[in-house]
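The values are calculated or read from the model by the stated rules, or taken from the named source; none is laboratory data. Note that the structure is predicted; figures quoted are calculated from it, not measured. No Cβ is skipped: glycine too gets one built from the backbone with ideal geometry, and neighbour counts run over all protein chains shown. In case anyone asks, the SASA skips ligands and DNA or RNA and just uses the protein heavy atoms, side chains included. Shrake-Rupley method; radii C 1.70, N 1.55, O 1.52, S 1.80 Å.
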Amino acid sequence: MTPDDFAFVARLLKERSGLILTRDKSYLLENRLMPVVRARMLKNLDELVERLRGGEINLREIVVDAMLSKDTGFFRDWRPFEHLRKVVLPNLRAARMGKRHLRVLCAGVATGQELYSLAMQITDAGESFLGWHVNAIGIDLSRPALNAAEAGLYNQFEVQRGLPVRMLMRHFTKEEDHWRISEGLRHMVSFRPWNLLEDLYPLGRFDIILCRNVLAHFDQQTKLSVLQKLSRLLYEDGVLYVGVTETVTGVSASFIPVSPDLGIYAVHRDGYPDSRSMALAH
Amino acid sequence: MKRCLIIDDSRVIRRVAAKIIQDLGFTVEEAENGKKALDACRVRMPDVALIDLDMPVMDGMSFLRALRQTPGGDKVVTMICTADSGAMQIEQALKDGADEYIMKPFDSEIIHSKLLLLDLL
């Protein structure tokens, strides 16, 4: 691929998704776009770019979707989810006892595993959240990924990466070689196509936001913009989870680290986390 | 350093699992059936055991039940590792005292994530 063609595709990705593609990641371009070349029965990547330049709208969407990372897993990294279970959910239950209303956003939900993980934890808390109205929303730019999330059907590798077998037994049913999430969990969550570059305010406000392993794909300016938008969506005592290898410190002053090694952040208030923050062990 | 006992009648499976688990910082011991594994446990209990089900001499479930009756055997973290992915088989293994269940084929990511959630990493 010529440097000019590479720059064209990189610009398209940045504009449509915020995804940054540097020259050292050109192998990603080939890995992820060759299946599109084959599916469209094109000669090579050059022809694909030529058609993109020609303005094929549908093809642009397909190419952007193919380049998006959909890497996710149940209880990914495990320990942040243990923090959720042991600290945040009990705090949240105490803080919202009056309203009995809980809202969760998973930004960059991909095929749904992390949002379902949280839904399993809420369900397994048993009577703690019985009678509560739980609104768990997953957003992503990729419609194929959202379709998979909605189907809630996972293969044997996917259900083994991070998912304790007792949870598999409680929340899934085997269908031939795959495992399907229970109807109860399926109804607890909803998925919407949404671009993080756009206004997020119509989604409403949330108690917990998961935005894990998403920011790493953006440049500093886009990270800052997304974090500012997310901070406005969180309640003052809400919690943000980013990936364990990502950091918010030095990018946005809207959040204060609580356990940065686990990617846990509270909303900023006078240089400290709000003392009511649900991220803190009280 | 934590110790892992890999029990499988397939030398290839033992070798693949041993490489993955050693890379995660464990010392590894191997046994080709449940009886040899039980003998090894009576000498020294491992921290974790990866247990195939279908083996000659003594199968995995018989080993698991015998292990749980052996002094100190109740503290060993046990992971069944088998090609049988039926829900009934999994339920039975959990009822008989297994802590986790891995369906073959497995990869390093699966083993890593299971050891992490069992608090062994």
Open item on the list: For the interface of B with A, what's the total buried accessible surface in square angstrom, probe 1.4 angstrom, rounded to the nearest hundred?
Closed with: 1700
Task: Separation of the residue A:53 and residue A:32 label points, Cα + 7 Å toward Cβ, nm - done: 2.2
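Across peptide B:89-95, what mean number of C-beta atoms from other chains lies inside 10 Å of a residue's C-beta?
Partner Cβ neighbours, averaged per residue: 2.
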Open item on the list: What distance in nm separates the two pseudo spin-label positions at residue A:195 and residue A:124, each 7 Å out from Cα along the beta-carbon direction?
Closed with: 3.8
- [ ] Within the stretch A:165-204, which residues have the backbone N less than 20 Å from the label spot 7 Å out from residue A:101 along Cα→beta-carbon, could you tell me?
- [x] A:188-191, A:200-204
- [ ] Could you tell me how many degrees, from 0 to 90 and to the nearest 10, lie between the Cα long axis of helix A:57-67 and the main elongation axis, the longest principal axis, of the Cα atoms of chain A?
- [x] 60
Open item on the list: Pairs of alpha-carbon atoms within less than 8 angstrom and 6+ residues apart define the contacts here; what relative contact order does chain A have, in percent?
Closed with: 17
Task: Accessible surface, chain A, averaged per residue in Å² (probe 1.4 Å) - done: 46
- [ ] Hey, can you grab everything whose amide H is under 5 Å from the amide H of residue A:191? Only 5+ residues off in sequence or another chain; H modelled, so Pro and N-termini drop out.
- [x] A:138
- [ ] Could you grab the relative contact order for the stretch B:1-66? Cα pairs under 8 Å, six or more apart, rounded to a whole percent.
- [x] 40
- [ ] For residue B:36, list the lysines whose Cα falls under 30 Å from its own Cα; do not include residues on the same chain fewer than 8 positions away.
- [x] B:2, B:19, B:75, B:95, B:104, B:114
- [ ] Give me the percent of the accessible area of chain B that comes from carbon and sulfur atoms, probe 1.4 Å, all protein chains in place.
- [x] 51
Open item on the list: Could you work out the percent of alpha carbon pairs in the stretch A:93-183 separated by over 19 Å, rounded to a whole number?
Closed with: 45
Task: Shape category assigned to the stretch A:138-282 from the gyration tensor of Cα positions, a/c cut at 1.5 - done: prolate
TODO: Could you please report the charge total around residue B:55, scoring K, R as +1 and D, E as -1 over all other residues with beta-carbon less than 10 angstrom from its beta-carbon?
DONE: -4
- [ ] With everything on Cα atoms, drop me the angle between helix A:26-39 and the longest principal axis of chain A, reported from 0 to 90° to the nearest 10.
- [x] 70
TODO: Anything losing 30 Å² or more of accessible area from the isolated chain to the full protein assembly: pick those residues out of the stretch A:68-84, probe 1.4 Å, ligands and DNA/RNA ignored.
DONE: A:78, A:79
- [ ] Quantify, in whole percent, the carbon and sulfur part of the accessible surface of the stretch A:20-148 (1.4 Å probe; protein heavy atoms only).
- [x] 49
Task: Under 5 Å, built H, 5+ apart or other chain: amide partners of residue A:268 - done: A:255, A:256
Task: Shielding score for A:149-158, defined as the mean number of other chain Cβ atoms within 10 Å - done: 1
- [ ] Name the residues whose placed amide hydrogens come within less than 5 Å of the amide hydrogen of residue B:78, ignoring near sequence neighbours (fewer than 5 apart) on the same chain.
- [x] B:49, B:99, B:100
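Equivalent ellipsoid semi-axes for the protein assembly as shown, as square roots of 5 times the alpha carbon gyration tensor eigenvalues: give them largest first, rounded to whole Å.
For the protein assembly as shown, the semi-axes come out at 40, 29, 19 Å.
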- [ ] Could you work out, residue by residue across B:110-118, how many beta carbons of other chains sit within 10 Å of that residue's beta carbon, and then give the average as an integer?
- [x] 5
